[in-house]
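FYI, it's all coordinate maths here, none of it is from the lab. Note that this is a predicted model, so its numbers are computed, not measured. Neighbour counts run over all protein chains shown; Cβ positions are idealised from the backbone, glycine included.
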Amino acid sequence: MALISFGLVMLALTIMSSLSATASRPGVESRVTQRGIDFLRDVGMKKLKEKIYSMHIPSQSGKAHGVSYEVWNLKVTSFNITYPNIQLEAGSGFNIRLRGIRVTLTGDYHYSVFVISHSGRLDVNIDSMSASFTIKVREAYGRPTVESSLDSCMFDAGNVAVHLNEGKPSRDDKASRALRDALNGRACGEIVNGINEIMEEKLSQLKVRYPIRQILDLDYSIVALPFFSTNHMDISHKGEVYRIHSHEEAPLRIPEIQPDTDVSRMAFVWMTDFVANSAGYVLHTYGYLQHNVTEKDIPAGSKISLNTSGFPISTVFPQVTKMFPGKMMQINVKSTIPPTMNTTNEKATIAVKGKIDAYVTQPNKSLTYLFTLSSQISLSFKFGVKSGNVTWVSELVSSSVKLVKSAIKDFKIDILKKMLPIALKTQVIPMLNKKGAIGMAIPSYNGVTAVNTTVQHASGHLKIGTDFATL
């Protein structure tokens, strides 16, 4: 009995693990279509067989019809489900139908009745077993919850044959009937209990935050009741990035994701600009977007130097070179507002704004203040997929630089204003596009990889669709 309930619950657990996704608008929405469910079912069947073949079946004992019995050393020698079917059920969850279940086991037995007792080996062969049950999916505390009921469960043990090695067919028949009756009488209770307790406990431990570089947390908890139709299920996720171990809400607008009926892939993710913008808010607010640039930050062998007599300082700021020849500079860079991402139907635009404080380093390591600049740069990105990698093409949208204040009389930045867009177009953009042409690999997980992946731009979000394949 434990074997049957374990197998059915494990199959359901494998499907439900795909849900590891405020009544407020979601920052991220995900969808698994019926084709995706079918793929997960097939992967789940493979894992189910592996677990059942390796599982430990506890010893069984009891008394029935005046016969005391004990069975131990039980081992599954074969297991198969000919027709596993997991169907999305509109408005509630999953309807699971399993037909053609076949199980064979071997083990040791002992029984006694009055003064008669016997021990030996037994073989159990069960075929044509079938089961069906419904799993309703809800939401609680940001996680999916599940529930099943006896009313939704049907079970038929099918053909049950027990062979005891004492050579008495009549006792084989009695044992077969007893096992079949026990299965038919208890299976649904075991299945429902397994879903409502074992499966629910697993889901209660589901992680809903993903750490990013030990400073950020991506919260993908569920913020609304999962939606089920006959061909897909949709899950709404928080999709906010927080400072790690913190839960301060970003005062940002969440773009609306327009209704979409696309089921052409196994799975979809709609990721709004809110995800990137909440990350930018945290990074700016807690001072992660600032850095004091010194000569140590310049790569060895680079033509660029922070020496006031070297390039580009002597070209861009000749007044500094004249006043402080041959000295090293320190450039303190800091964001002044959170960076933003704005996606349209054609592209995603990222804008950053910050200030630059420039100093000269004196021989005694003290700093002499020179000037403060403000700068704003906007870059566009068009995302795509090539050879399994997410790729991009970047362009300069705009750039500007202004003098905020200066300790140098009549300080001019005209050359810098002219050189900034040129430097961005000839140095930064080519570097970004060189990396973008190669792209970033889409990671695989537990032997499953994404294939036929697409990325589409839309107002306020990116839409990612993909199929899956086993490695």
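Would you please give the FRET efficiency between residue 253 and residue 72, computed as 1/(1 + (r/R0)^6) with r the Cβ-Cβ distance and R0 = 41 Å, to the nearest 0.05?
That pair, residue 253 with residue 72, gives E of 0.05.
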TODO: Going by C-beta contacts inside 10 Å, put 94, 381 in order with the fewest on the left.
DONE: 381, 94
Task: Cα-based reach from residue 365 at 17 Å (exclusive), listing lysines while leaving out same-chain residues under 8 positions away - done: 296, 327
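From the cross-link list 46/386; 386/435; 405/425, which pairs have alpha carbons spaced over 19 Å apart?
With Cα atoms farther than 19 Å apart: 46/386; 405/425.
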Open item on the list: To make sure I understand the rule: partners must be lysines, Cα under 18 Å from the Cα of residue 49, and not fewer than 8 residues away in the same chain. Which ones qualify?
Closed with: 75
- [ ] Starting with the highest mean, order 254-263, 206-215, 27-36 by the number of other Cβ atoms within 10 Å, averaged over the residues of each peptide.
- [x] 27-36, 254-263, 206-215
- [ ] Kindly provide the pair-distance distribution of region 2-204 built from C-alpha pairs, with 5 Å bins from 0 and whole-percent values in order of increasing distance.
- [x] 1, 7, 14, 18, 17, 13, 10, 7, 5, 3, 2, 1, 1, 0, 0
Open item on the list: Given the DSSP H assignment, sum -39500 (n - 2.57) over each helix run of at least 4 residues in the chain and divide by its residue total; what's the result at 222 nm in deg cm²/dmol, nearest 500?
Closed with: -7000 deg cm²/dmol
Task: Segment residue 260-residue 92, extension gain: residue separation times 0.36 nm, minus the distance between their alpha carbons - done: 58.5 nm
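From the Cα gyration tensor of region 323-432, with a ≥ b ≥ c the square roots of its eigenvalues, which class applies: rounded if a/c is under 1.5, or else prolate if a/b is larger than b/c, or else oblate? Please list the in-between numbers first.
Values: a/c = 2.58, a/b = 2.28, b/c = 1.13.
It comes out prolate by the Cα gyration axes.
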Open item on the list: What aspartates and glutamates does residue 322 reach when the alpha-carbon gap must be under 14 Å and sequence neighbours fewer than 8 apart in one chain are set aside?
Closed with: 410
Task: Cβ-based exposure ranking for 102, 265, in which fewest neighbours within 10 Å come first - done: 102, 265
- [ ] Based on the mean of other Cβ atoms within 10 Å per residue, sort peptides 450-457, 51-58 so the most packed one is first.
- [x] 450-457, 51-58
- [ ] Once you have a ≥ b ≥ c as the square roots of the Cα gyration tensor eigenvalues for region 185-266, tell me rounded if a/c is under 1.5, and otherwise prolate or oblate according to whether a/b is larger than b/c.
- [x] oblate
Task: Highest-first arrangement of 65-73, 462-470, where packing means the average Cβ count within 10 Å - done: 462-470, 65-73
